[in-house]
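Reading through the structure tokens given below for one structure.
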Amino acid sequence: MNTFIKKYYPLLFGLLFLIIAFFTLLYISIFQNGSHIVYSLDDAYIHMAMAKNYALHGVWGVSKYEFASSSSSILWTSLLALIYFIFGVNEFIPLVLNLIFASLVIISSYFILRKYNIKSHYICFILFSLVAITPLPPLMFTGLEHVFHIWISLLFIFLVSEFLTEINIERKKIVWLTLLAAMLPMIRYEGIFLVLIASVLLILKRKFAAGLLILISSLIPMFIFGIISIKNGWSFFPNSLLLKGNFP
């Protein structure tokens, strides 16, 4: 037990700090809102409404009567819908998911840092900064997909860096990189820019196949959803994205 603690104490420290910060904010939030959980952004309730309607009525929309392209995070809304379908509708689900994804951010960061032989006390400081400066706890209370996006972005950047520095890449890593590239825009459409940068870097390194593969895999889900949206009388991109971009 002492050996385990000595080896993994930076990870345990990071997770403990995250959990303490999370439950402190949870207590304050519930105390100030009459024993109810209240998310800091109204977008969370749009996602939850769409997830509920998709889980209970099979309709992708803010109401159960018609399709509405009102979510710019297709994967997050779909994940909520899946959990609602299995366990029932519950307003705490986004918060629980964000706690899980925030923990995965800390765990993944720890093992990435260990891979590069960074000293334990430096890892402690980095994990502490990751929680405090990002900042992960307030992001969890938005009830949105940001923490999920951070975790997938972290894994994607790590794998891309390995592609750029290694000569022979395992096939398993290529599969994972392709999957992560497809997920990024579906969590947040802005993720396509991260994939585009990675694709350009890989092409400049003369790894043409890998660069084109991740770019194509990230575009396919976007085009599929865009076509579905158009066929239902909406725009190619979700209306929330069009509003943020001030498009006509």
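Of the conditions (1) in contact (Cβ under 8 Å) with a residue 60 or more places away in the chain; (2) within 20 Å of LEU159 (Cβ to Cβ), ASN117 clears all except one; give me its number.
Tallying (1) in contact (Cβ under 8 Å) with a residue 60 or more places away in the chain; (2) within 20 Å of LEU159 (Cβ to Cβ), ASN117 fails exactly one: (1).
Let's see how each residue does on (1) touching a Pro at 6+ places or on another chain (Cβ under 9 Å); (2) assigned to a helix (DSSP H, G or I):
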residue: ILE157; (1), (2): no, yes
residue: PHE163; (1), (2): no, yes
residue: ALA181; (1), (2): no, yes
residue: VAL195; (1), (2): yes, yes
residue: SER217; (1), (2): no, yes
residue: ILE230; (1), (2): no, yes
residue: SER235; (1), (2): no, no
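Quick check on this structure: which one of LEU15, LEU25, LEU41 is touching a residue at least 60 places away in the same chain (Cβ under 8 Å) and surrounded by 18 or more Cβ atoms within 10 Å (Cβ to Cβ)?
LEU15
I need every pair where a residue in segment 208-229 that is more than 21 Å from LYS173 (Cβ to Cβ) has its Cβ under 7 Å from the Cβ of a residue that is among the aromatic types (Phe, Trp, Tyr), sequence separation at least 6 or different chains.
GLY226/PHE236; GLY226/PHE237; SER229/PHE236
Here is a yes/no grid of residues against (1) open to solvent by 40 Å² or more (accessible area, probe 1.4 Å); (2) in contact with an Asp or Glu (Cβ under 8 Å, 6 or more places away or on another chain); (3) closer than 30 Å to GLU162 by Cβ:
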site	(1), (2), (3)
PHE208	yes, no, yes
LEU213	yes, no, yes
SER218	no, no, yes
ILE224	yes, no, yes
ILE228	yes, no, no
SER235	yes, no, no
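Consider VAL200 against the criteria (1) modelled with pLDDT of 95 or more; (2) outside any helix (DSSP H, G or I): it satisfies all of them except one. Which criterion is unmet?
Among (1) modelled with pLDDT of 95 or more; (2) outside any helix (DSSP H, G or I), the lone unmet condition for VAL200 is (2).
Within segment 157-169, how many residues turn out to be among the β-branched types (Val, Ile, Thr) and surrounded by fewer than 14 Cβ atoms within 10 Å (Cβ to Cβ)?
Total meeting the criteria: 2.
Among what's in segment 64-83 and is under 26 Å from GLU190 (Cα atoms) and of a type in the set (Ser, Thr, Tyr), pick the residue that is most open to solvent (accessible area, probe 1.4 Å).
SER78
What's the number of the only condition in (1) of a type outside the set (A, V, I, L, M); (2) modelled with pLDDT of 95 or more; (3) over 15 Å from the mean Cα position of the chain (by Cα) that SER109 fails to meet?
(3)
If we scan segment 170-189, do we find a residue that is under 30 Å from TYR39 (Cβ atoms), under 18 Å from the mean Cα position of the chain (by Cα) and open to solvent by 50 Å² or more (accessible area, probe 1.4 Å)?
Among the residues of segment 170-189, at least one is under 30 Å from TYR39 (Cβ atoms), under 18 Å from the mean Cα position of the chain (by Cα) and open to solvent by 50 Å² or more (accessible area, probe 1.4 Å), which makes the answer yes.
For segment 99-111, which positions are among the β-branched types (Val, Ile, Thr) and open to solvent by less than 30 Å² (accessible area, probe 1.4 Å)?
VAL105, ILE106
The values are calculated or read from the model by the stated rules, or taken from the named source; none is laboratory data. Everything numeric here is computed off the predicted structure, so don't read it as measured data. We place every Cβ from the backbone using ideal geometry, glycine too, and count neighbours over all the protein chains shown. Side chains are part of the model used for accessible areas, which takes the heavy atoms of the whole protein and leaves out ligands, DNA and RNA. Shrake-Rupley method; radii C 1.70, N 1.55, O 1.52, S 1.80 Å.
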